[in-house]
Amino acid sequence: MTPRARPRSASSPSDSGCPCESALDVTGDDATQAQLQFVSVQRWVAGTTYDEEHSDRLRQRLDVLRGFLASIDREPDSLVAFCFLRKKDTGERFVSTKRRGVVNEQIDSYVQAQGWTGKAAVANGNIVRSFLIHNGIPIGGKAWTGG
């Protein structure tokens, strides 16, 4: 399995710039298309989409992310930016441990509010965490242990 990270094709003017769109036939509702316009979503999809993945599975992952973002009233790029701070003296960007913890709690709350339990709860929470990880934010959640 190899990720489908493909560069933007200059020969296709209708391309939104999302590597996933040329790799998969990602058609869908306007919300899905709008979500694919965010750089952070493009980065995540490019890093996590595999040749064997059906576009329905990608849409399901995008739906989970979109639902989470709606629950906290943020856009994808805004969530990523929220997790970073800058050092006053150098301007160097770093991940805020406190804000990462806040987001992790928000993910857990969202999963609980959706009524997901067991494997579905872990898998759907980790979809959101995967988005953050692929945007440079180390974050961990529960692992499915089969119980």
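Can you tell me which of Ile107, Ile133, Ile139 is surrounded by fewer than 17 Cβ atoms within 10 Å (Cβ to Cβ) and of a type in the set (A, V, I, L, M)? Within the list Ile107, Ile133, Ile139, the selection yields Ile133. Can you confirm whether the range 111-130 contains a residue that is touching a Cys at 6+ places or on another chain (Cβ under 9 Å), at pLDDT 95 or above and surrounded by fewer than 18 Cβ atoms within 10 Å (Cβ to Cβ)? No, the range 111-130 contains no residue that is touching a Cys at 6+ places or on another chain (Cβ under 9 Å), at pLDDT 95 or above and surrounded by fewer than 18 Cβ atoms within 10 Å (Cβ to Cβ).
Pairs linking a residue in the range 47-70 that is touching a residue at least 60 places away in the same chain (Cβ under 8 Å) and of a type in the set (Ser, Thr, Tyr) to a residue that is surrounded by 13 or more Cβ atoms within 10 Å (Cβ to Cβ) and not in a helix (DSSP H, G or I), with Cβ atoms under 9 Å and 6 or more positions apart or on different chains, are Thr48/Pro3; Thr48/His134.
Residues checked against (1) of a type outside the set (A, V, I, L, M); (2) at negative phi; (3) touching a helix residue (DSSP H, G or I) at 6+ places or on another chain (Cβ under 6 Å):
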| residue | (1), (2), (3) |
| --- | --- |
| Asp56 | yes, yes, no |
| Glu75 | yes, yes, no |
| Arg86 | yes, yes, no |
| Val95 | no, yes, no |
| Gln106 | yes, yes, no |
| Lys119 | yes, yes, no |
| Phe131 | yes, yes, yes |
| Trp144 | yes, yes, yes |
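Counting only residues that are surrounded by 16 or more Cβ atoms within 10 Å (Cβ to Cβ), out of contact with any helix residue (DSSP H, G or I) (no Cβ under 8 Å at 6 or more places or on another chain) and not basic (Lys, Arg), how many does the range 29-54 have?
Step one: of the range 29-54, the residues surrounded by 16 or more Cβ atoms within 10 Å (Cβ to Cβ) are 32, 35-36, 38, 40-49, 53.
Subset that is out of contact with any helix residue (DSSP H, G or I) (no Cβ under 8 Å at 6 or more places or on another chain): 43, 47, 53.
Subsequent filtering for residues that are not basic (Lys, Arg) retains 47, 53.
Total meeting the criteria: 2.
Do we have Thr27 as outside any helix (DSSP H, G or I), modelled with pLDDT of 90 or more and not hydrophobic (A, V, I, L, M, F, W, C) here? Here the answer is no, as Thr27 does not meet what is asked. The helices (runs of 4 or more DSSP H) falling completely within the range 47-134 include none with 3 or more residues that are in contact with a strand residue (DSSP E or B) (Cβ under 9 Å, 6 or more places away or on another chain).
The values are calculated or read from the model by the stated rules, or taken from the named source; none is laboratory data. The shown structure was predicted, so the numbers you read here are calculated from the model rather than taken from an experiment. Here Cβ is always computed from backbone atoms with ideal geometry, including for glycine, and neighbour counts include all displayed protein chains.
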